[in-house]
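Beneath this line is the structure, given in structure tokens, with notes to follow.
The values are calculated or read from the model by the stated rules, or taken from the named source; none is laboratory data. None of the values given here were measured: they were computed from a predicted structure. With ideal geometry, Cβ positions are generated from the backbone for all residues, glycine too; neighbour counts draw on all protein chains shown. For accessibility, only protein heavy atoms count, side chains too; no ligands or nucleic acids. Shrake-Rupley method; radii C 1.70, N 1.55, O 1.52, S 1.80 Å.
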Amino acid sequence: MELYHWPMSHNARKARALARHLGVEVEEIALSMQDKDHKADSFLAINPMGQVPAIKDGDYSVWEANAVLIYLAAQSPNDLLGQSAQEWGHITQWMTWQSVELSPVVVPLHVENYFKRVRGLDADAAKRDAALAKLRVLLKVLDDALVGKDHLVGGRLTVADFAVAGDFTHAKNANFPFSDFPNVARWLAGIEALPAWADTTPPTLG
Ligand SMILES: N[C@@H](CCC(=O)N[C@@H](CS)C(=O)NCC(=O)O)C(=O)O
């Protein structure tokens, strides 16, 4: 199967990391955003949204990073997808929270605190401060959920950890305030210690 990505993409990174962690055989295909490969008809036939990650497996394709994680995890027997109704509920809860609540806050912070800085552009202070205030609210929710825990669900690694940690791929470069959220920092350090996570670290810009 083919996994389409872009080396800087935090959404694709979590899929690349999970495939490597589980030993799922994928051909990683790096698209060039600069060349607009993701808007070419050949790629839009795989993901009509023109976004990475996306998987093509024979005649089948799947996109949206969290759906890609589920497809990858289902390729082999493992317990990363949960083992009970309660675990399935919580895994879906955190994956939905990442996509609906966290991602819309993280992306503007990447732009204002990181991508503009490396291009020598000034951050829009109002946008940055609004996103940072929302991020703090979300990090408090995550921090409280991680008190005394190294993983989000079931006391072991699941796709929920990959789903949420992906959004912190550029956290250091974008100055996320982790020092105020020690449980998040501890949990993230555990994910970052996975060889598959380290192997998929995007290059640092600037
Ligand atoms: N909700 C999607 C978002 C995917 C997404 O925005 N990917 C970015 C890279 S991190 C992308 O492909 N951007 C190009 C574009 O939107 O045109 C997911 O979780 O997969």
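Listed by chain and number, the lysines whose C-alpha is less than 23 Å from the C-alpha of K127, apart from same-chain residues fewer than 8 away, are K116, K140, K172. Antiparallel beta bridges, as assigned by DSSP with both residues in the chain, represent about 65 percent of the total such bridges. Each Lys and Arg Cβ is given +1 and each Asp and Glu Cβ -1; about its Cα centre, segment 85-199 then shows a dipole of about 240 debye. Of the options L135, P195, A17, report the single residue whose Cα projects farthest towards the positive end of the charge dipole of the chain (beta-carbon charges: Lys, Arg +1; Asp, Glu -1). Checked the options; the winner is L135. Placing +1 on the Cβ of every Lys and Arg and -1 on the Cβ of every Asp and Glu, with no other charges, gives segment 2-73 a dipole of roughly 340 debye about its Cα centre.
Overall, the anisotropy analysis places the chain in the oblate class: the square-rooted eigenvalues a ≥ b ≥ c of its C-alpha gyration tensor yield a/c not less than 1.5, with a/b not exceeding b/c.
Shape call for segment 41-143 from the C-alpha gyration tensor, a ≥ b ≥ c root eigenvalues: rounded (a/c under 1.5), prolate (a/b greater than b/c) or oblate?
oblate
Rolled with a 1.4 Å probe across the full set of protein chains, the surface gives Y4 an accessible area near 30 Å². List the lysines whose Cα lies under 20 Å from the Cα of K39, skipping any in the same chain that are fewer than 8 positions away. Filter leaves K56.
Measuring between their Cα centroids, segment 18-81 and segment 134-206 lie 22 Å from each other.
In Å², and per residue, what accessible area does the chain have when probed at 1.4 Å with the other protein chains present?
Details: 10020 Å² over 206 residues.
Using a 1.4 Å probe on heavy atoms only, each residue of the chain averages 49 Å².
When the accessible area of the chain is computed with all protein chains present and a 1.4 Å probe, what percentage of it is carbon and sulfur?
54 percent
Classify segment 71-110 as rounded, prolate or oblate from the Cα gyration tensor: take a ≥ b ≥ c as the square roots of its eigenvalues, call it rounded if a/c is under 1.5, otherwise prolate when a/b beats b/c and oblate if not. Verdict is oblate for segment 71-110.
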